[in-house]
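Trainee: The following block contains the structure, expressed as structure tokens.
Throughout, read-outs are computed from the coordinates displayed, never taken from laboratory work. Note that the structure is predicted; figures quoted are calculated from it, not measured. Neighbour counts are summed over all protein chains in view; Cβ atoms, including those assigned to glycine, are modelled from backbone coordinates with ideal geometry.
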Amino acid sequence: MSLSSAPHWRSVSVDAIAWREWNGEFVVRNERSGSTHLLGPLAGDVLRALLDAGQGLSVADIAACLDDGPKAASDSTLLAAIEEVLSEFKRLGLAEPEAQ
Amino acid sequence: MIVADLPERELARRLAGPGLRLRTGPVVNRIQSRLTGIAEGVALQYADHTVEEPEGFADFHVRLASPRSLRRWMSPQVHFLFDGARPFLPLPADQAFAMLEWGLNWCVSAHCHQFLVVHAASVERSGLAVLLPGNPGAGKSTLCAGLVNRGWRLLSDELSLLDLATGGVVPLPRPVSLKNESIDAIRRFSPGTVLGPPVHDTVKGSVAHMKPPTDSVRRAMETARPRWIVMPRYEGGAAAHLAPLSKARAFMHLADHAFNYDVHGRRGFELLAQVVTGSACFEFEYGALEDAIAVFDDLARNA
């Protein structure tokens, strides 16, 4: 489980997102910005995890959602990749860290 | 009544006077002009198109006219007027018909928001449509011209109209705009095709228009279901080759090539998703029209 001090990320509301997946690639429309984005498999899965959760998730929580294996939450490569995706989501207005 | 039914003098009279109400697919254009290049171009290129009643409704009111200045005697120009306004800079007078075509394209792309308007050629066979989105110079008009000269129905050379309710392609069969080497390529490929006189030194180089096939114009009310999305690229000497394109990338290409995707918001997203889901998507490189047409014929056979 995540440390309580780790930042938790929340996506924009489900109502503000339209998305489709084809063979692991995603297109996502953000109603708030009016922009449409192409997401690769990892980014798409991260977004889906955030949308499904409906609450803030830490990077470790997201990793656990993506991979049920017990080691996912400590896989530094995966965690770094998710961090990178979240930074991009913040830039695109798709997700943001919750206020501590 | 179609344009070919109008005696030459009557066509000129309508153009010079109250306007010719010309139906092109789902829209009616009221065209006014005293320029002989317009009358000749309309008579040749739109011979099979329906002429609506003189007092009937028109979606677009356009006029091609020479500026009233001394310049008209030295370096004659032509203006495109839309509802009396001039959205574009004037062009040399010998480009009048090309300017009409570009102007009519603009009318549709800037105003026809009852459709999702995609910058793409489209052709049909057996009720199934190929969408050919492409940047200028990609070879989509050449490919489109080649296909319609080998039995595919022309839906549109430049602007593919997607019905927001059904996702079907609404035909807009108008002259096919050929540029530079494509003009002679189509002449060689299909010697019987009707081409207007080339005009040179336009912003797109040399341009000539190919008359749309009669059958395509007559069937302008028959929509078609998108079945293939193909991004063409002409490369001299290249073998014809279809490479799968992921649906997500095809979606982004279509969105990038749509004039009014943003206007439609979520509805536009859902429509493109529907079109992409139902289509096989490819990138296509070709260097010879005969080979390219064979590839498309195979697609249709195996649909």
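Trainee: Hey, got the average number of other protein chain Cβ atoms within 10 angstrom for residues in A:19-28?
Mentor: 5
Trainee: DSSP loop trypsin sites (Lys or Arg not before Pro) in region A:29-62 with at most 14 other Cβ atoms within 10 Å of their Cβ, which ones?
Mentor: In loop regions of region A:29-62 (DSSP not H, G, I, E or B), the sparsely surrounded trypsin sites (Lys or Arg not before Pro) are A:R32.
Trainee: Starting at the first residue of region B:49-56, write each ³J(HN,Hα) from the Karplus equation 6.51 cos²θ - 1.76 cosθ + 1.60 with θ = phi - 60°, in whole Hz, x for Gly and Pro.
Mentor: My calculation for region B:49-56 gives 7, 6, 9, 7, 4, x, 9, x Hz in order.
Trainee: Amide H to amide H, which residues 5 or more places from B:F88 or on other chains are under 5 Å from it, using H placed in the peptide plane?
Mentor: Long-range HN contacts for B:F88: B:F80.
Trainee: On to the next question. Per residue, how much space in cubic angstrom lies within the convex hull of the C-alpha atoms of region B:1-111?
Mentor: Measuring per residue, one finds 97 Å³ for the Cα hull of region B:1-111.
Trainee: I'd like the Karplus ³J(HN,Hα) series for region B:203-211: coefficients 6.51, -1.76, 1.60, θ = phi - 60°, whole numbers in Hz, and an x wherever there's a Gly or Pro.
Mentor: Here the 3J(HN,Hα) series is 4, 9, x, 7, 10, 9, 9, 9, 5 Hz.
Trainee: Related question: With just the Cα atoms defining each centre, how far is region B:1-70 from region A:40-57? Give it in Å.
Mentor: Each part reduced to its Cα centre gives a spacing of 56 Å.
Trainee: Let me make sure I get this right: for region B:70-187, a, b and c are the square roots of the gyration tensor eigenvalues over alpha carbons, sorted descending. Under 1.5 in a/c it's rounded, otherwise prolate if a/b > b/c, else oblate. Which is it?
Mentor: Oblate shape, in that a/c is at least 1.5 and b/c is the bigger or equal ratio.
Trainee: Amide H of B:A120: which non-local residues (sequence gap of 5 or more, or other chain) have their own amide H closer than 5 Å, using H built in the peptide plane?
Mentor: Residues meeting the criterion, in which the H sits 1.01 Å from N, are B:L159, B:S160.
Trainee: Could I ask something else about it? What is region B:209-303 by shape, rounded, prolate or oblate, if you read a ≥ b ≥ c off the alpha carbon gyration tensor as root eigenvalues and call it rounded for a/c under 1.5, prolate for a/b larger than b/c, and oblate otherwise?
Mentor: oblate
Trainee: Per-residue Cβ counts within 10 Å, from other chains only, averaged over B:12-18: what number is that?
Mentor: Whole-number average of other-chain Cβ neighbours for B:12-18 is 0.
Trainee: Also: Classify chain B: rounded, prolate or oblate, from the alpha-carbon gyration tensor (a ≥ b ≥ c, eigenvalue square roots; a/c under 1.5 rounded; otherwise prolate if a/b is larger than b/c)?
Mentor: In terms of gyration-tensor shape, prolate.
Trainee: Computed over the Cα atoms of the protein assembly as shown, what is the convex hull's projected area averaged over all directions, in nm²?
Mentor: Mean shadow area of the hull around the Cα atoms is 24.1 nm².
Trainee: Also, I was wondering about something else. Please go through region B:216-303 and write out the GluC sites (Glu not before Pro) that DSSP classes as loop and that have at most 15 other C-beta atoms within 10 Å.
Mentor: Listed in order of number, the matching sites are B:E222, B:E235.
Trainee: Using amide H atoms built in the peptide plane, which far-off residues or other-chain residues are under 5 Å from B:M231 H to H?
Mentor: B:F282, B:E283, B:F284
Trainee: May I have the convex hull volume per residue, in Å³, for the Cα set of chain A?
Mentor: 93 Å³
Trainee: For chain B, take the longest principal axis of its alpha carbons; what is the angle in degrees between that and the long axis of helix B:289-301, to the nearest 10 within 0 to 90?
Mentor: It works out to around 60 degrees.
Trainee: Would you mind checking the tilt of helix B:261-277 against the longest principal axis of the Cα atoms of chain B, expressed as 0 to 90 degrees and rounded to 10?
Mentor: Long axis of B:261-277 versus the principal axis of chain B: about 40 degrees.
Trainee: Still on this model: Step through the residues of region B:183-191 one at a time and calculate ³J(HN,Hα) from phi using the Karplus curve (6.51 cos²θ - 1.76 cosθ + 1.60, θ = phi - 60°), rounding each to whole Hz and writing x for Gly and Pro.
Mentor: 4, 5, 4, 6, 4, 5, 5, 9, x
Trainee: Rounded to the nearest 20 debye, what is the charge dipole size of the protein assembly as shown about its Cα centre when +1 sits on each Lys and Arg Cβ and -1 on each Asp and Glu Cβ?
Mentor: For this selection, approximately 1540 debye.
Trainee: Right, something else. How about region B:51-157: which chymotrypsin sites (Phe, Trp or Tyr not before Pro) there are in a DSSP loop, with at most 15 other Cβ atoms within 10 Å of their Cβ?
Mentor: Those satisfying the criteria are B:F57, B:F88.
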